[in-house]
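Below you'll find the structure, written out as C-alpha cells, and then a few comments.
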Amino acid sequence: MREPRPFTAYRLKDLLSDIAEHVRPAFGKGKVADYIPELAKVDASKFGMAVATLDGAEVAVGDADEPFSLQSITKLFALELALNRGGDEIWTRVGKEPSGTPFNHLAILEAERGAPRNPFVNAGALTVTDYLMARVPDVSTLVLEYIRTCAGGITGGLDETVAASEMATAYQNRAIANILRVHNNLTHAPDAVVDAYCRQCAIAATVRDLARAALPLAMDGFSIHSGETVLAQRNVRRVNAVMMTCGMYDSTGSFAYRVGLPAKSGVGGGIVAIAPGQGAIAVWSPELDRAGNSLVGTIALEIFAQNTRWSIL
C-alpha cells in the first residue's frame, strides 16, 4: 500500500481548485434525477467539493456553501443512529451484502422473502427507518439533529418542498414497503414508513456540512465539533465496511476500483467519502451516471484519491 502524502490545507485548496478545472469537460454527460420533480429543477452545472481533516482544517471549492438535497446519503446517518440505539440488532433485519441490482429493485427483495441485502438499498433503508420509528416519534428530525451535532451546525435543513415532491411520486418505495410488510419486516404501516423515509431524504446541507458530519467515520467515531464520541469504534469499522461494499448503488465495485474509499452517494448529486485517519471528502454535482451516482463527483474523487494517495487500496 502506498503511503498517503502529507497535505497541508494550502495544498489541499490548490488540489481542489485543479480538480474543479479538470472536471469541466465532463459536464453535460450525465442526467439529473428527473423522476423526483423538485430535483429536476436543480441547475446541472453546479459543482462543489469540500475536505475536512482530523486536525480541524477545512477547504472547499465551487458551490460549497449552497445546500443540496442529501437524499440517500442520509441512509448513512440513519444506519449510525440504528447502531447507536440497538447495536447489532439491526443486522437481524438487514443484511450486509452488495445487491448487484438498482437501489429500488423489487424482484430480489421478493425472491429473498423481504430480507434486504444491505441498509443502503431502499428496502434496507426503509427497514432502518421502521426500526428507528419504534424508538423516536420523528425519524427525519432525529437524523437532521444528528447531522447537525456531528457537523457542529449546518446550512440547510429539511426541505418540505422536496419531501412533498418525493412523497407524491414514491410509488416504487411504497411497493417495496408493502413487500417488506408482507414478509413481516416492517412493524409500522407501509405508507407511514415511506413518508418518514421521504422526509429524511429531503434533508439539505452543503458539502462543507457533509464533510464535517462524516468526519467521525475517519477518526474512530469522535466528533471534533461536538467534542464527544458519537459512534463506537467497532461500529465505525462496520459502517465503513458496508459503505465500501454497498455505498454506491450497483456500481460500488467500479467506484472501489477507481477511487478506493468507502463512500455513500445520493441522487441529489452528492457523494461523501471517508479516508480513515485522514479526513472526509464531500462533492456535489447533480448530473448522475446510469447507476444514479454523481458522474462529475466520481471523477473528482478519483483525481483526489490519486493525488493524495488517501485511497485505502
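Laboratory data are not the source of any read-out in this text; all were calculated from the coordinates shown. Please read these numbers as outputs of a predicted model, since none were measured by experiment. Here the Cβ positions follow ideal geometry from the backbone for every residue, glycine too, while neighbour counts run over all protein chains shown.
A few remarks follow.
- Charge dipole (debye, nearest 20) of segment 176-268; +1 at Cβ of Lys and Arg, -1 at Cβ of Asp and Glu: 200
- Rounded to the nearest 10 degrees, the angle from helix 190-201 to the longest Cα principal axis of the chain is 10 degrees.
- D_trans [Stokes-Einstein, Kirkwood Rh over alpha-carbon pairs] for the chain, 4 °C, 1.567 mPa s, µm² s⁻¹: 68
- The equivalent ellipsoid that matches the C-alpha gyration tensor of segment 152-256 spans semi-axes of 28, 20, 15 angstrom, in descending order.
- Nearest 10 degrees, 0 to 90: helix 233-246 Cα axis against the chain principal axis: 90
- When only the Cβ of Lys, Arg, Asp and Glu is charged (+1, +1, -1, -1), the dipole of segment 50-163 relative to its Cα centre reaches about 500 debye.
- FRET efficiency for the pair Arg11 and Asp65, taken as 1/(1 + (r/R0)^6) with r the Cβ-Cβ distance and R0 = 22 Å, rounds to 0.50.
- Per residue, the average separation of C-alpha pairs within less than 8 Å and at least 6 apart gives the chain a relative contact order of 27 percent.
- Charged-residue dipole, Cβ positions (Lys, Arg, Asp, Glu), segment 140-219 about Cα centre, Debye nearest 20: 200
- The calculated FRET efficiency for the pair Glu110 and Asp220, based on their C-beta separation and a Förster distance of 51 Å, comes to about 0.85.
- Using the Cβ-Cβ distance between Thr161 and Ala192 with R0 = 25 Å, the FRET efficiency computed as 1/(1 + (r/R0)^6) comes to roughly 0.75.
- Pairs of Cα atoms nearer than 8 Å and 6+ residues apart set the relative contact order; for segment 48-93 it is 24 percent.
- For segment 106-235, the relative contact order works out to 32 percent when only alpha carbon pairs closer than 8 Å and six or more residues apart are counted.
- In the chain, a dipole from Cβ-located charges (positive for Lys and Arg, negative for Asp and Glu) runs towards its positive end, and of Gly157, Ser223, Asn235 it is Asn235 whose Cα lies farthest in that direction.
- Projecting the Cα atoms of Ala204, Ile36, Gly297 onto the charge dipole of the chain, computed from C-beta unit charges around the Cα centre, puts Gly297 farthest toward the positive end.
- Helix 122-133 and the longest principal axis of the Cα set of the chain meet at an angle near 70°.
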